Each structure stands twice: as C-alpha cells, then as structure tokens.
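Everything below concerns the one structure shown next.
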Amino acid sequence: MNCSEISGDKVCSVSCVAGYAFAPENRPLKEYRCEQSTGYTWNGLTPACGKAMIPNKLSSITAIEYNSLIPCIDSSLAIETLHKNLESTLSCYKHGICELTTSMDECENKKEAGSLKITLNATLPAEDLDLLHYLTTGMLKKGLKLLVNTLVDLENSTKKINDSYEILSFDMGGVMYSPLRKQATAIVVCGVGQGSDGPICIDCPMGTYSKAGKCPQCPKGTYQSEIGQKQCIICPTGLSTKFVGSQDGFKCTEVTNATTNSFKQDQASSTLGVTEAVIIALSVTAIVTVFLIVLSVIFRRHCGKRENE
C-alpha cells in the first residue's frame, strides 16, 4: 500500500509485489479513501494478489471455411492431404513445440462438411516463471523464456495458417477446394484453482474463487480466506458482508434478516459451481502483445477502475 494524507484525509493506492498480480475480475480501485465523505470508513476492500504461474497448455484453433462442400466419405483423404501440407510448413510443429491435429467436426452428423479445423497444442512443463529475477536483472530464466518462445512460435504458426492460401488448398477427385474464410482462437489452459490473465495463470487470490478459467469475487454474504478455492464460504445466518470480495469471516458484520440471508445462501450455492479445466479464449494475433502488457501490469501498479459495489 502507498498512502498519503491530504487535509487530514487518508488516501491510498495498492499494487502487488513482483511475481504476483491481481485477478482481472478483482482489480483494485484507483484509490482508497478514509475521510468525512466516506464516514471515516474505507470506501472499498483492497483485493488480494495471486502468484503468477506458467499455464498448463497453450492452444490455437483455426476454423477454415471452404469454397465447396467436402463429402464426408472422403474426409480421411482431405484431412491427410491438408495435414501433410501443414507438417512441412508450421514452425512450431517442425520444432517439436506443438502437436498438430486436423479434423472435420461436421462429419459427425452430416454427409458433407463446409469447413476444416486445425488445432495446435503446446503443453508446458511446470516451471517457475521467476518474474522477480526478470525485474531485477532483465534476464529471462528457464520458465519465462520457455513461455515467451512458445508464445512466439505458436503465434507465427497460426499466422502462417491464416496468411496462406496454397497450403490450405487441395485437389480431390478433380475438385479444387480453396479456403474462403478463416477464424483463429487461442486457448490458455490453467491449473485447478487458477484463472487466466492473458497468457499467464494466477492462483485465485483470497476473496475470489475459481470458476471457468476466471477468479470472480465472492458475492456479498460470502467470503474466502484461502487461495485457489472452488467456492466461497457463506456467512452465518443473519449476517452478510459490506463489500464483495471479502477475505475472512470477520467481514460478516452486516446484520440482515433470516429470509434475506436464506436467499443469499441459495443464490450462492447455485452460482458457485466450477469446472476442473480452466480455459480462456483470447485473440491469437495479439497474443505476444498481451503477454508484454501482462508483464508490465505485474511489474507496475495496478490502477484499474471499477465501480464500488
């Protein structure tokens, strides 16, 4: 916390230490104030930070729409032809960084398919990013270097798919199939109890819970005092919290009637379900830019604005 006094009023801003970050769903206010206008109580809860981690897997999925429908009876030949073209072209595959899969999902329930799907999967080992070392020395250690190299190679390969015409075209039975449109999406897969901030995973901090690749704040009437949890803890009957994102049971100080509290319990239990897999979609063409932005966010103050709930 970085605090100062202005005419007797206390004004603070908060940031995370190097190697930690706020969850995107729980950014701090621009400033926290304790003054006459706030009744000499803080105008919001300061969020906790989570450790920045390397993702389990990075994936790129490109859907290609063709000029003519491809008979599903010939799907194996079409997939094999396209696969061979890609194997000799994509850098991440040739370098052994990614696995390549080509599929025609429409053929599961149709006789003809108008599109093909190309998937690139890069699995990453559990390495420490050691962002503090990068901050102090400007040098990338093993984990962070691996992440950067994988991101760059994966983006270059995806860009090659989207910029190419020849490698995606093929002749089959005298019919030339050519790409009309392409759409690329990247996937960041984090571990259980984590959320994604760009291409980096974050242990869901106190005051949040892990749900579908994000770290949403605990709603009013609940709290979470541990990191990486899959649900929030409901306040005792008759009590609630003043703010969302409460980090311990001592924040259950707001008195409420039993009917309202019962509703909150039912509401909380119905909205706190989570999935084991954590998946975030983001633009492939901007993935390296996002990575650099994320690093700068980790190493500088977080000044994101949000409405005070």
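What's the number of the only condition in (1) in contact with a Phe, Trp or Tyr (Cβ under 8 Å, 6 or more places away or on another chain); (2) within 23 Å of Thr185 (Cα to Cα); (3) open to solvent by less than 40 Å² (accessible area, probe 1.4 Å) that Gly50 fails to meet?
Single failed check for Gly50: (2).
Within the range 141-165, restricting attention to residues that are outside any helix (DSSP H, G or I) and open to solvent by 70 Å² or more (accessible area, probe 1.4 Å), which residue is farthest from Lys84 (Cα to Cα)?
Out of the qualifying residues, it is Lys141.
Quick check: is even one residue across the range 107-119 under 22 Å from the mean Cα position of the chain (by Cα) and under 22 Å from Pro199 (Cα atoms)?
Yes: the range 107-119 contains one or more residues that are under 22 Å from the mean Cα position of the chain (by Cα) and under 22 Å from Pro199 (Cα atoms).
Let me confirm something: among Leu69, Leu77, which residue is touching a residue at least 12 places away in the same chain (Cβ under 8 Å), open to solvent by 60 Å² or more (accessible area, probe 1.4 Å), in contact with an Asp or Glu (Cβ under 9 Å, 6 or more places away or on another chain) and more than 30 Å from Asp203 (Cβ to Cβ)?
Checking each option against the conditions leaves just Leu69.
Of the numbered conditions (1) more than 30 Å from Gly138 (Cα to Cα); (2) out of contact with any His (no Cβ under 8 Å at 6 or more places or on another chain), Asn56 satisfies every one except a single condition; which is it?
Single failed check for Asn56: (1).
Quick grid of which residues meet (1) in contact with a Leu (Cβ under 8 Å, 6 or more places away or on another chain); (2) aliphatic (A, V, I, L, M); (3) in a loop (DSSP other than H, G, I, E, B); (4) at negative phi:
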site: Cys16; (1), (2), (3), (4): no, no, yes, yes
site: Lys30; (1), (2), (3), (4): no, no, yes, yes
site: Arg33; (1), (2), (3), (4): no, no, no, yes
site: Leu45; (1), (2), (3), (4): no, yes, yes, yes
site: Ala52; (1), (2), (3), (4): yes, yes, no, yes
site: Pro55; (1), (2), (3), (4): yes, no, yes, yes
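For Pro125, work out the one condition from (1) surrounded by 15 or more Cβ atoms within 10 Å (Cβ to Cβ); (2) touching a helix residue (DSSP H, G or I) at 6+ places or on another chain (Cβ under 8 Å) it doesn't fulfil.
(1)
Listed residues Ser164, Ser103; which is in contact with a helix residue (DSSP H, G or I) (Cβ under 8 Å, 6 or more places away or on another chain) and closer than 24 Å to Ser60 by Cβ?
Result: Ser103 is the single residue among Ser164, Ser103 that is in contact with a helix residue (DSSP H, G or I) (Cβ under 8 Å, 6 or more places away or on another chain) and closer than 24 Å to Ser60 by Cβ.
The rows are residues; the columns are (1) touching an Asp or Glu at 6+ places or on another chain (Cβ under 9 Å); (2) modelled with pLDDT of 95 or more; (3) open to solvent by 70 Å² or more (accessible area, probe 1.4 Å).
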residue: Ile200; (1), (2), (3): no, no, no
residue: Pro205; (1), (2), (3): no, yes, no
residue: Thr253; (1), (2), (3): no, no, yes
residue: Thr260; (1), (2), (3): no, no, no
residue: Leu272; (1), (2), (3): no, no, no
residue: Val278; (1), (2), (3): no, no, no
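Quick test of your reading of the structure: Leu135 fulfils all but one of (1) within 18 Å of Ile200 (Cα to Cα); (2) touching a strand residue (DSSP E or B) at 6+ places or on another chain (Cβ under 6 Å); (3) in a helix (DSSP H, G or I); (4) of a type outside the set (Ser, Thr, Tyr). Name the failing condition by number.
All conditions are met except number (2).
Do we have Leu86 as outside any loop (DSSP other than H, G, I, E, B), within 30 Å of Cys215 (Cβ to Cβ) and in contact (Cβ under 8 Å) with a residue 12 or more places away in the chain here?
Considered against the rule, which asks whether it is outside any loop (DSSP other than H, G, I, E, B), within 30 Å of Cys215 (Cβ to Cβ) and in contact (Cβ under 8 Å) with a residue 12 or more places away in the chain, Leu86 comes out as no.
Just one of (1) within 24 Å of Ser91 (Cβ to Cβ); (2) within 17 Å of the chain's Cα centre (by Cα); (3) surrounded by fewer than 22 Cβ atoms within 10 Å (Cβ to Cβ) trips up Leu168, so point out which.
That leaves (2) as the condition not met.
For the range 179-235, which residues satisfy the criterion of being of a type in the set (Asp, Glu) and either in a loop (DSSP other than H, G, I, E, B) or under 30 Å from Ile70 (Cβ atoms) (or both)?
Glu226
Go through the residues of the range 174-181 one by one and say whether even a single one is open to solvent by 60 Å² or more (accessible area, probe 1.4 Å) and of a type in the set (Gly, Ala, Ser).
Scanning the range 174-181 turns up at least one residue that is open to solvent by 60 Å² or more (accessible area, probe 1.4 Å) and of a type in the set (Gly, Ala, Ser).
Out of the range 182-198, which residues are touching a Cys at 6+ places or on another chain (Cβ under 8 Å) and either surrounded by fewer than 19 Cβ atoms within 10 Å (Cβ to Cβ) or more than 24 Å from Pro28 (Cβ to Cβ) (or both)?
Matches in the range 182-198: Gly191 only.
Give just the number: which of (1) crowded, with 18+ Cβ neighbours inside 10 Å; (2) within 26 Å of Pro219 (Cα to Cα); (3) hydroxyl-bearing (Ser, Thr, Tyr) does Tyr40 not satisfy?
Single failed check for Tyr40: (1).
The values are calculated or read from the model by the stated rules, or taken from the named source; none is laboratory data. Values in this document were obtained by computation on a predicted structure and should not be read as measured data. Here Cβ is always computed from backbone atoms with ideal geometry, including for glycine, and neighbour counts include all displayed protein chains. Note: areas computed on protein heavy atoms with side chains; ligands, DNA, RNA excluded. Shrake-Rupley method; radii C 1.70, N 1.55, O 1.52, S 1.80 Å.
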